[in-house]
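Notes to accompany the following structure.
The values are calculated or read from the model by the stated rules, or taken from the named source; none is laboratory data. Remember, predicted model here, so these are calculated numbers, not experimental data. Every residue, glycine as well, gets a Cβ built from its backbone with ideal geometry; the counts of neighbours run over all protein chains shown. Protein only, heavy atoms only, side chains kept; ligands, DNA and RNA dropped before computing areas. Shrake-Rupley method; radii C 1.70, N 1.55, O 1.52, S 1.80 Å.
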Amino acid sequence: MKFGVFLYQPEPVEGVDYNFYRIKPESGTVGKPNPEMYTNIAVFGDNALAAKRPEWISMSADGPAFRTNKKFNLRWDVLCMTNPEVREYNLKLIEECAKKTPGISVSSQHFAEHAFCTCPRCVELWRKSGLNWLDWRAKTVTAFLKEVRERVVGKPLFVNCLPDPLLGKVRFGYDFDAMAEYADYFVIPMFSKAYPTPWYWETIARGYKSFLKKPVYVNFYVRGPNETWDTVAPTKQIMTVATRVARTGIDGIIFLAEKAEYIRDFQKNAVADKETREFLKDHGGDEVLELFNKWEKLV
Ligand SMILES: [Zn+2]
């Protein structure tokens, strides 16, 4: 197994195989590439661009894909994915970062939800395609990923997919087999502010691992932006869920934090919790326990 971190600031940490920098998270702010870190880019989820160009928002019969639309669980504003300007803006950033950094990770490179996008351009493109609605959406998502792949020359491409192994095609337009032709790795974000019941996360990871045709990583939430240690899961819960999910046969685990300092605190806490490390022996997730052993040298 490999391990990584997913950070909102361009300072890497020690003790992991991959450092990802979220150069453009869904807030839409854009940082500078760090040649020591892999680059993550959220594509169509972009609050800043949605505020600047609200007419580019993705549409549905139940309203636009703004966060204020309570009919959907939208965590950020989602732009229409057939908008040529939005595509080119992101593809250029991807291409630039692929040249300067060790690899690319893309998020939010899909439709907002099952009801999207019904803007006049999407409806016209769908009609012209001769495909049914679901197949047209899936083909649109795959075609965009192909364009991303063409800009990421000779470097690894990580593709994030929301944690729904059952209805991914209906909801987001994921055709996992087709996407596997262009992705080097799939990453499943499993973000939660608490992990008291690892069973569910284990189920989702096992589901994805059973059919994805490229290596599968999961991503756990340590401490994102605008959090305190009191608003996120205790280290013990993250240690437990990581060990439990590791036994599903997944290929890697990534830990999200706003900045390197929070990962170092997490590493210290994990190392110090000898009781949990002892308890987690014999769970079948030894590679995670070996990671905690390795971290002893850092703290
Ligand atoms: Zn559209």
Unit charges on C-beta of K, R, D, E only; dipole of the chain, Debye: 500 debye
Share, in percent, of DSSP beta bridges within the chain that are antiparallel, nearest 5: 5 percent
Per residue solvent-accessible surface (Å²) - region 38-148, probe of 1.4 Å: 44 Å²
Top positive-direction residue, dipole computed over the chain with Cβ charges, set Ala272, Leu166, Phe186: Leu166
Rounded if a/c under 1.5, otherwise prolate or oblate - region 1-160, Cα gyration tensor axes: prolate
Portion, in percent, of the accessible area of region 23-93 that falls on carbon or sulfur, probe 1.4 Å: 56 percent
Cα long-axis angle, helix 260-272 against the chain (0 to 90 degrees, to the nearest 10): 40 degrees
Accessible-area value, Ile57, 1.4 Å probe, nucleic acids and ligands omitted, Å²: 10 Å²
Contour minus Cα-Cα distance for Ala48 and Phe279 (0.36 nm per residue): 78.6 nm
Helix-only CD estimate at 222 nm, as mean residue ellipticity for the chain, using -39500 (n - 2.57) per DSSP H run (n ≥ 4): -11500 deg cm²/dmol
On Cα atoms only, tilt of 133-151 relative to the major axis of the chain in degrees: 70 degrees
Cα-based Kirkwood hydrodynamic radius, region 143-192, one decimal, Å: 11.6 Å
Gained length - Glu55 relative to Arg67, 0.36 nm times residue gap less alpha-carbon distance: 2.8 nm
Nearest-ten-degree value, helix 235-246 long axis tilted from longest Cα axis of the chain: 70 degrees
Approximate spin-label separation Lys259-Glu181, in nm, with each point projected 7 Å along Cα-to-Cβ: 4.4 nm
Projected area averaged over orientations for the chain, convex hull of C-alpha atoms, nm²: 14.8 nm²
Among Asn34, Met59, Ala112 the positive-end extreme of the charge dipole of region 1-154 (Cβ point charges): Met59
Whole-Å distance, taken between Cα centres, linking region 108-128 and region 47-68: 13 Å
Where Thr240, Thr101, Thr68, Thr29 fall by accessible area, highest first, once all protein chains stay in place (1.4 Å): Thr68, Thr29, Thr240, Thr101
